[in-house]
Amino acid sequence: MESGGNFISATSHYGKVIIWWLGFALSIFLLIEEHYILSTTLLIGLAFLPLFFHIERSQITTRGIVMLAILAAVASVSRIPFAFIPNVQPATFIIIISGVVFGKESGFIVGALTALVSNIFLGQGPWTPWQMLAWGVIGFCSGRLKNTWFIKKRFGRIVFGLLSGFFFGWIMNLWVVLTVLQELQLAQILFIYGSSFPFDLAHGLANIFFLLLFSKRMVKTLNRFKKKYGILYREN
Amino acid sequence: MNHGFRTLHPVVLLTYYLATTIAITINRHPFFLFFTVLVLILFNWVCDRGKTMKWWWRFFVLFGLLLFLLNPLLNHRGQHVLIYLFNQPITMEAVVQGAINALTFVALLLLFITFPRIIDSSKFLFLFSGVFPKWGLLAMLSVRFVPLFRIRLEEIIAVQRARGISLTTGTVRARLKNGFALVHSLLTWSLEDGIQTADSMAARGYGLKQRSRYNPYRLHPSDIFAIGTIAGLLALTIFGSWLGDGVLTMTPVIEPVYLTGREWTFFIIHTLLVGFPVIVEIKEEAQWFYWKQKN
Amino acid sequence: MVLLETKKLTFTYPDEPEPVLKELSFTVNQGELIVIAGPTGSGKSTLLRLFKQEIAPFGKMTGDILYEGTPLYSLDKEKAAREIGMIFQDPENQLVMDRVLNELAFGMENLGMDTVTMRKKVAELAHYFGIHSLLNKPIHELSGGQKQLVNLASILLMEPKILLLDEPTAQLDPVAAKDFLHMLDLINKEFGITIIMVEHHLDEILPICDRLLVLSDGKISFVGNPREVIESIWQREKEPFSHYLPQIPRLFLHFHGHETTPQVPLTVREGRDWIKKISVRPKEHEGEDTNKQMGPSLVEARNIVFQYEKEGERIFDHLDLVIREGEFLAIVGANGTGKSTLLKLLAGLETPQKGKILYRGRKLAQPQPQEIYYMPQNPKLLFTQDTVREALENNLRKEQNTGIVQRLQELIDFFRIKELLDRHPFDLSGGELQTVALLIVLSSEAKLLLLDEPTKGMDPVIKEKVGNLLKHLQKNGVTIIIATHDIEFAAAYSSRCAMLFHGAVTASGETSSFFKGNTFYTTAINRVTRNSHVPEVTTLEEAKRLWKVVETL
């Protein structure tokens, strides 16, 4: 620790692969033992690892790093003017547009980073990886789908906004369900999902609202800065 | 405060949170969890005299009760029927299960509301960037920006209020539109200024070679001892849970909630693990007490 | 020994027909402190950035830049990053870490130093700078001056041989700016670090600099010892650069320039030495209408008690202030005395705990966007639109008045900002942005104008433009209140000054008499002339009006 080195660069590629598979085996074992939450948290971590390593290895330019950090920080504070309606905030919208303009890697980074950084200020906990997953996946998908019907057509955007609102809420519910319920029973799961429905709906509708009204302006703004900042990733 | 548990090496602190989270999720026993909650309340009190807890307690009670009631109302399995409610049996098993659910949830929340007091943002980022340097830097930058942007956004809100842009009056649609215009303004302003930030990083040689990392924390023998203790307690707890001592058996017959024999050993181990910070604090208090008496 | 040298350096930005730098040749010696001045757009910043290859602008460069005799751009990258340090104008934007200690370590980490080395160097430097108590603080809790010191410290830890500074004090208040320049002077003298600094506020820096280099249109107009440069500027081309000269030399040159001159005074002490040698007879008063009829009270603060938080500091403790229609009031006072807060209260943005704000005799409960125009320190905050045109038109749509449309068109022509209309507001320079922001007032029906630090970071030429614009507004019946640190500006343009201290207005009076009573808080020219045998004045304009120099000894 004293040297400040990190084990990522210290561990060889095969080492990483072996550690990954060991982790995977452990999570399966935990699943069989019915420790759902430990198992799934581990699985999320394992799913993250290759993506995290990919980004660690990628050559993001200095300006690229600053830009992604700014997008995540703005998304984190963007709820302030919207305190008057619960669960309405443009963070998800900012993440979606980041993905659309800068691509799937950047979308994932902005999403995951927004969750991580928001929680540094709001409260870190075992739910953090789940939120990182939820927002990261939303950013990744919007980047992946940027040239498809989903993002280009008005109707597609409505669907995407609504889905991402529910997706985020459902992932968080999943954390509650897996952590709290020992026996997974449909009635209780439905109850938990049902009780969060109004909030998830508000989130989804807010996404639709922002996507329909502001995506054009937002895309234009981000494109302007994309040009100004130059390339975000250098080729290896 | 500059003494006690929080002055241990961040790696020790993180190990404690991980170990305790695991212990709480695997020991599904009302007796274990009830005392876990008590110990964690004590931990909170030691941490900040219960200030954060006071802020949260309504939420805890509400969700705790909800989860406690949810199970017996929806789950009717079990042999010991207590009463019938709306023609549905309320079973002993379901009530106990509900209690376990509620206690697990409250225990986790109680544990993690202490997190920012014990592992503040710089320790957290130190730990994070140790494993993922690039992510660490991204998070560090973002964390540096958040207070700045919050101030900027509040300034924008105030100035635009003077220009007649209101967030408190008008239709919801108008308020949402105004709100977004302000966020958009913050984004544009910050991205504009961000180029200077990037320049300042480049000017200081960022990206020239593999970065080193300034490490303000030193690993003392007491830290290593603490990690060993926590890891040992966790291993024993996992073993106990695997033996079934930390889990209340429901089927085929619910076992009594009160502990018997070997279960006490694992209960003590579990409670020692959860209460590790409290023990450190008490030890430190005692040392201060004697130090003062001697001098 | 020559450290840095440019040979026929020419630089052209892409898509620009004319080069910004034209065949510049000059040398910088080891240990020198050089100031580069010149009007906006003269290529100062471009030149500075070309010395720092990591952030050098894109474009076509011919000629050579030599560092220690070898071409700068073929220098080892790590050596270049370490030995050439750069500090920018805005202290906030340069900081990348959330704690001071991490910020200090940032540059060293980039160079791959180990923790033990870093710890030792930080310890040394914290001792030298006296910033021990700041090390564990979050960055956002520091003041602007402290932030800029941290930036400086972070660079010094990389052990540079040469420091490049781009208007490093433009965003600081005068006290912090003085501290910062003092620190630069120390670093230069005690460690022999070479300093090249772009600056247009020359009052404080000239006495400590070795050479002054004036750029205009991409060429070197003047270079040499500051006194000589000042004299040749005055002799050769009075108009374009005289705005940049500090007050004391200007006073001297105005009354003395035509004769064989002794050395140009740069400091108050030198100024007073010179004053002793002249004899002045007061001119006949030309009946300046300083005692203009004041209108009725427009806005009034009565018995204001205000603090932001219950546990927080009390900002105002029974403050009273009356502002009459048609006044141009400058609120002055040290940092943290609540100048900005007072403006916010007068704008209706904050509500006092006790007392009330009256606007036209009625209690002000919320902002009055039609009547009161509030302009924050940073005019960027005013713009939420994507182009200047939208920002201007947005205002019009509310007004629905053809007369105003007409007036706006005239103003656009008058200020020659037509080419700015389709740009993004944030792409404008500080002065341009300020001008556009003021245009919005001119085209609106606002009766009260509240400006927070309107001259911060402004080039002297633009400052004069803004000053005249405000005067023009005042003549048209707009009441103006500014909060400012800029004593020279307040003295030159405002009609009344009020000083805040300890939660209340401690002194207030007509501008011309206000400063004459002060010892420390007054203009440089006043410090030169007070308690001397010549009539006391606060500004050059006043001296021009009142003085007639009869003989020089």
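Laid out as a table, the results:
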| item | result |
| --- | --- |
| Candidates C:217, C:210, C:203, filtered to the one that is touching a Leu at 6+ places or on another chain (Cβ under 8 Å) and among the charged types (D, E, K, R) | C:210 |
| Unmet requirement for residue C:379, which otherwise passes all of (1) surrounded by 22 or more Cβ atoms within 10 Å (Cβ to Cβ); (2) away from chain B (no Cβ under 12 Å); (3) not hydrophobic (A, V, I, L, M, F, W, C) | (2) |
| Pair list, Cβ under 6 Å, 6 or more apart: the stretch A:28-52 residue open to solvent by 70 Å² or more (accessible area, probe 1.4 Å), other residue not in a loop (DSSP other than H, G, I, E, B) | A:31/A:39 |
| Odd one out for residue B:47 among (1) away from chain A (no Cβ under 13 Å); (2) over 30 Å from residue B:215 (Cβ atoms); (3) part of a helix (DSSP H, G or I) | (2) |
| Only listed residue being in contact (Cβ under 8 Å) with a residue 60 or more places away in the chain, touching a strand residue (DSSP E or B) at 6+ places or on another chain (Cβ under 7 Å) and surrounded by fewer than 19 Cβ atoms within 10 Å (Cβ to Cβ), chosen from C:549, C:534 | C:549 |
| Members of the stretch C:475-492 found to be open to solvent by 20 Å² or more (accessible area, probe 1.4 Å) and touching a residue at least 24 places away in the same chain (Cβ under 8 Å), listed by number | C:477, C:485, C:486, C:487, C:488, C:492 |
| Selection status of residue B:116, in contact with a His (Cβ under 7 Å, 6 or more places away or on another chain), under 25 Å from residue B:56 (Cβ atoms) and free of Cβ contacts under 8 Å to residues at least 24 places away in the same chain | no |
| Yes/no for residue B:136 being at the interface with chain A (Cβ under 8 Å from one of its Cβ atoms) and at negative phi | no |
| Identity of the residue in the stretch C:391-430, open to solvent by 70 Å² or more (accessible area, probe 1.4 Å) and modelled with pLDDT of 85 or more, that ends up farthest from the other protein chains (Cβ to nearest Cβ) | C:422 |
| Selected residue (only one of C:390, C:419, C:350 is more than 25 Å from the chain's Cα centre (by Cα) and in contact (Cβ under 8 Å) with a residue 24 or more places away in the chain) | C:350 |
| Number of the exception - residue B:249 against (1) surrounded by fewer than 21 Cβ atoms within 10 Å (Cβ to Cβ); (2) in a helix (DSSP H, G or I); (3) polar (S, T, N, Q) | (2) |
| Residue within the stretch B:86-100 that is farther than 28 Å from residue B:243 by Cβ, part of a helix (DSSP H, G or I), in contact with a helix residue (DSSP H, G or I) (Cβ under 9 Å, 6 or more places away or on another chain) and open to solvent by less than 70 Å² (accessible area, probe 1.4 Å) present | no |
| From the options B:42, B:38, residue that is in contact with a helix residue (DSSP H, G or I) (Cβ under 6 Å, 6 or more places away or on another chain) and within 23 Å of residue B:267 (Cβ to Cβ) | B:42 |
| Residues satisfying the stated conditions in the stretch C:324-348, i.e. among the aliphatic types (A, V, I, L, M) and in contact with a helix residue (DSSP H, G or I) (Cβ under 8 Å, 6 or more places away or on another chain) | C:330, C:331, C:332, C:334, C:347 |
| Unique residue being modelled with pLDDT under 85 and in contact with a helix residue (DSSP H, G or I) (Cβ under 9 Å, 6 or more places away or on another chain) when the list is B:67, B:111 | B:67 |
| Meets criteria (assigned to a loop (DSSP other than H, G, I, E, B) and touching a residue at least 24 places away in the same chain (Cβ under 8 Å)) for residue B:28 | yes |
| Residue that is buried (at least 18 other Cβ atoms within 10 Å of the Cβ), within 14 Å of chain B (Cβ to nearest Cβ) and not in a loop (DSSP other than H, G, I, E, B), where the choices are C:152, C:215 | C:152 |
| In the stretch C:503-514, the residues that are closer than 21 Å to residue C:338 by Cβ and either without any contact (Cβ under 8 Å) to a residue 40 or more places away in the chain or among the small types (Gly, Ala, Ser) (or both) | C:503, C:504, C:506, C:507, C:508, C:509, C:514 |
| Residue B:91 being hydroxyl-bearing (Ser, Thr, Tyr) and touching a residue at least 60 places away in the same chain (Cβ under 8 Å) | no |
| Unique residue being within 19 Å of the chain's Cα centre (by Cα), among the β-branched types (Val, Ile, Thr) and over 24 Å from residue B:24 (Cβ atoms) when the list is A:158, A:208 | A:208 |
| Flag if residue A:222 is assigned to a helix (DSSP H, G or I), out of contact with any Gly (no Cβ under 6 Å at 6 or more places or on another chain) and over 20 Å from residue A:94 (Cα atoms) | no |
| Single unsatisfied condition, residue C:495 versus (1) of a type in the set (S, T, N, Q); (2) modelled with pLDDT of 85 or more; (3) buried (at least 21 other Cβ atoms within 10 Å of the Cβ) | (3) |
| Meets criteria (open to solvent by less than 30 Å² (accessible area, probe 1.4 Å), in a helix (DSSP H, G or I) and out of contact with any Ser or Thr (no Cβ under 9 Å at 6 or more places or on another chain)) for residue B:107 | no |
| All helices (runs of 4 or more DSSP H) inside the stretch A:55-169 with 1 or more residues being facing chain B (nearest Cβ under 7 Å) and either open to solvent by 10 Å² or more (accessible area, probe 1.4 Å) or aliphatic (A, V, I, L, M) (or both) | A:62-77, A:104-122 |
| Residue in the stretch B:198-220 that is least open to solvent (accessible area, probe 1.4 Å), counting only those that are basic (Lys, Arg) and within 7 Å of chain C (Cβ to nearest Cβ) | B:204 |
| Pair list, Cβ under 8 Å, 6 or more apart: the stretch A:150-179 residue among the hydroxyl-bearing types (Ser, Thr, Tyr), other residue not in a helix (DSSP H, G or I) | A:179/A:126 |
| When residues of the stretch B:139-175 are limited to those that are surrounded by 19 or more Cβ atoms within 10 Å (Cβ to Cβ) and away from chain C (no Cβ under 11 Å), the one farthest from residue A:209 (Cα to Cα) | B:167 |
| Residues satisfying the stated conditions in the stretch C:436-471, i.e. open to solvent by 10 Å² or more (accessible area, probe 1.4 Å), assigned to a helix (DSSP H, G or I) and more than 17 Å from residue C:393 (Cβ to Cβ) | C:460, C:461, C:462, C:463, C:464, C:465, C:468, C:469, C:471 |
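The values are calculated or read from the model by the stated rules, or taken from the named source; none is laboratory data. Please read all numbers here as calculations on a predicted model, not as lab measurements. Note that each Cβ is placed from the backbone with ideal geometry, even for glycine, and that neighbours are counted across all protein chains shown. Side chains included, ligands, DNA and RNA excluded: accessible areas come from the protein's heavy atoms. Shrake-Rupley method; radii C 1.70, N 1.55, O 1.52, S 1.80 Å.
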